[in-house]
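Below you will find the structure I want to go over with you.
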Amino acid sequence: MSLINITIDNIKVRAEEGITILDAAKKAGIKIPTLCVMPELGFTPGSCRICVVEVVDVPALVASCAYPVREGLEIHTNNKRVARARKMTLEFLLANHPLDCMTCEKSGSCILEDLAYDLGIKKSRFEQNKKELTVDNNNPFIVRELDKCVLCGRCVEICNEIQQSNIIDFGYRGTKTEIIVEGGTDLRNSNCVFCGQCVAVCPVGALIDKEAQGKGRTWEFKKVKTTCNYCGCGC
Ligand code: SF4
Ligand code: SF4
Ligand code: SF4
Ligand code: FES
């Protein structure tokens, strides 16, 4: 790929043509917040709009995780307009979120919580009835607390495209959209192999490893290398 010249936050950057603004910024040491994207898996749905940036001469803000760079682009990742839009997007998400970080298993490793902290949002300006969805908790491995789901689509991608299990998907429409299990049932009564991949990629506390529940905060656990004795491949 050929190298092109762009400007990010008034810094001249050389980037490979066609990579995303997000990747170009990352290579230049400029951090753009994200929520839905999984770059390592090439998953860039452009759905959460947290990563929006301003491109000079492009009327609307663009999702940096999905917008390719080209010669001469002038990009602003954190000016007033961008910050205002990002804050509003986050406030819309929080308006319909339980906000029980104090007891949430994900607290400390939750992207939504981190974003609220980074953007200094204590409460949402928007009033909305909170979702009250049934917690899927009748299996031994995974708790699905979909009131906390931000509909990023990561779990759907990993289950369907990587694990090829096709257990979960988006269901219903508009404000009623939620992640549903095949056949309209729960995980226990589905063909879920409980590989745990959806839990691993969920950026918030909507999918929780049941075994770890109540055992401590994420920073209290020690990570060790181990051999998976029950992976989704069934090898
Ligand atoms: S999912 Fe994140 S933001 Fe929501 S309650 Fe849990 S820690 Fe807080
Ligand atoms: S545990 Fe695995 S198979 Fe079950 S829903 Fe999650 S990703 Fe799909
Ligand atoms: S359950 Fe988690 S990974 Fe799946 S869409 Fe909701 S927030 Fe995203
Ligand atoms: S991270 Fe770019 S739209 Fe979600």
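The values are calculated or read from the model by the stated rules, or taken from the named source; none is laboratory data. All of these numbers come straight from a predicted model, not from anything done at the bench. Glycine also receives a Cβ, built like all others from the backbone with ideal geometry; neighbour counts cover every protein chain displayed. Side chains included, ligands, DNA and RNA excluded: accessible areas come from the protein's heavy atoms. Shrake-Rupley method; radii C 1.70, N 1.55, O 1.52, S 1.80 Å.
Name the residues in the stretch 40-64 that are part of a loop (DSSP other than H, G, I, E, B) and at pLDDT below 95, would you?
As a first pass, look at the stretch 40-64 and keep what is part of a loop (DSSP other than H, G, I, E, B): 42, 44-51, 56-61, 64.
Passing the criteria: 42, 44, 45, 46, 47.
Kindly provide the set of residues from the stretch 40-54 that are loosely packed, with under 14 Cβ neighbours inside 10 Å and within 16 Å of ligand 3 (Cβ to nearest atom), ordered by number.
Residues of the stretch 40-54 loosely packed, with under 14 Cβ neighbours inside 10 Å: 40-42.
Across the stretch 40-54, the qualifying residues are 40, 41.
Could you check residue 75 against (1) over 17 Å from the mean Cα position of the chain (by Cα); (2) surrounded by fewer than 19 Cβ atoms within 10 Å (Cβ to Cβ) and say which number it fails?
(2)
A quick yes/no check of all residues on (1) assigned by TED's automatic domain parsing to the domain that holds residue 98; (2) within 11 Å of ligand 3 (Cβ to nearest atom); (3) of a type in the set (Gly, Ala, Ser):
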residue	(1), (2), (3)
135	yes, no, no
149	yes, yes, no
156	yes, yes, no
168	yes, yes, no
187	yes, no, no
208	yes, yes, no
227	no, no, no
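Does the stretch 215-226 contain at least one residue that is open to solvent by 100 Å² or more (accessible area, probe 1.4 Å) and part of a helix (DSSP H, G or I)?
yes
Which members of the stretch 189-206 meet the condition of being open to solvent by 50 Å² or more (accessible area, probe 1.4 Å) and either within 11 Å of ligand 3 (Cβ to nearest atom) or in a strand (DSSP E or B) (or both)?
Residues satisfying the conditions are 197, 200.
Identify all residues within the stretch 6-39 that are open to solvent by 70 Å² or more (accessible area, probe 1.4 Å), in contact (Cβ under 8 Å) with a residue 12 or more places away in the chain and assigned to a strand (DSSP E or B); write none if there are none.
Listed by number, the residues that qualify are 11, 16.
Of all residues in the stretch 143-166 being in contact with a helix residue (DSSP H, G or I) (Cβ under 6 Å, 6 or more places away or on another chain) and in contact (Cβ under 8 Å) with a residue 24 or more places away in the chain, which is farthest from residue 197 (Cα to Cα)? Working first, answer last.
We begin by selecting, within the stretch 143-166, every residue in contact with a helix residue (DSSP H, G or I) (Cβ under 6 Å, 6 or more places away or on another chain); these are 143, 150, 154-155, 158-159, 163, 165-166.
When the remaining residues are screened for being in contact (Cβ under 8 Å) with a residue 24 or more places away in the chain, the result is 143, 150, 154-155, 158-159, 163, 165.
Values: 143: 13, 150: 17, 154: 10, 155: 8, 158: 7, 159: 7, 163: 8, 165: 11 Å.
So, considering only residues that are in contact with a helix residue (DSSP H, G or I) (Cβ under 6 Å, 6 or more places away or on another chain) and in contact (Cβ under 8 Å) with a residue 24 or more places away in the chain, the one farthest from residue 197 (Cα to Cα) is 150.
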